[in-house]
1. For a Förster distance of 22 Å, can you work out the FRET efficiency between the beta-carbons of residue 149 and residue 109, rounded to the nearest 0.05?
2. Amide H of residue 146: which non-local residues (sequence gap of 5 or more, or other chain) have their own amide H closer than 5 Å, using H built in the peptide plane?
3. Return the ratio Rg/(2.2 N^0.38 Å) for segment 68-137, where Rg is computed over Cα atoms only.
4. At 0.36 nm per residue, minus the direct Cα-Cα distance, what do residue 123 and residue 169 gain on full extension? Give it in nm, one decimal, please.
5. Can you return the lysines within cross-link range of residue 42? Criterion is Cα-Cα under 25 Å, with same-chain partners fewer than 8 residues away left out.
6. Show me the ranking of peptides 61-67, 105-111 by mean Cβ neighbours inside 10 Å, starting with the highest.
7. Along segment 122-134, what does the Karplus equation 6.51 cos²θ - 1.76 cosθ + 1.60 (θ = phi - 60°) give for ³J(HN,Hα), rounded to whole Hz, x for Gly and Pro?
Amino acid sequence: MRTQAVIGTLLAALAPVQAAAASPSATRTPPHAPTAVSAPAKPAGRVLARISIPRLKLRHRPIREGVSRRVLARGIGHYPGTAMPGEIGNAVLLGHRTTYLAPFHDLDRLRRGDRIIVRGGRTTHVFRAYGTRIISPRKASVLAPVPFRKGRTPRESVLTLISCHPKGSDRMRIVVIARKDGAP
């Protein structure tokens with residue numbers, strides 16, 4: 001089933017990995033997630049934008065296209081096939097909490113209303129966190145154009161941040177969802 005394949009890829013991307021475990025097949029970009037709004041394919045590893053999260057003291061970290069081991073070892077990855085940050089739909093970003101650069105180490109500290117700033121080119125998008133969930137790695141609806149609501153048509157720009165939970169384990173996922181400030 002395609003949903004299970006997508007989640008399997010999500011699991012593999014977020015699982016703590018050993019540098020020695022990297023292989024050419026581990027660097028492939030996963031298949032596209034089902035979305036209503038999908039950006040044109042971007043080369044894997046290319047920097048799309050930069051993210052800052054003041055509460056987490058995360059400043060100007062690059063967001064790269066893809067969620068392969070190689071990409072996530074370098075920081076934050078954009079899930080292919082999901083909306084681009086600032087577009088209508090669900091832009092999904094993944095990052096590690098304890099391995100490699102651990103950009104989402106303190107993701108659990110984000111609170112409702114906290115700012116998440118994404119800058120790409122000359123455009124700045126400000127999102128506000130509005131919800132945090134702990135989910136099973138198999139919950140594919142987090143990737144839907146409207147997170148956790150498969151089949152719904154998106155009407156706003158949403159940013160979803162995903163990482164492993166608890167720290168040091170890949171048993172569950174922590175998900176922070178943020179809405180774009182102002183009109184979509």
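Quick note: the coordinates plus some simple rules give every number you see, no bench work behind them. Not measured: the values here are computed from a predicted model. Counting neighbours? That spans all protein chains shown, and the Cβs are built from the backbone with ideal geometry, glycine included.
1. Efficiency at R0 = 22 Å is approximately 0.25.
2. Excluding prolines and chain starts, which carry no amide H, the hits are 152.
3. 1.16
4. Here the segment from residue 123 to residue 169 would lengthen by 13.0 nm.
5. The qualifying lysines are 150, 180.
6. Result, highest mean Cβ count within 10 Å first: 61-67, 105-111.
7. 9, 10, 10, 10, 10, 10, 10, 4, 10, x, 10, 9, 10
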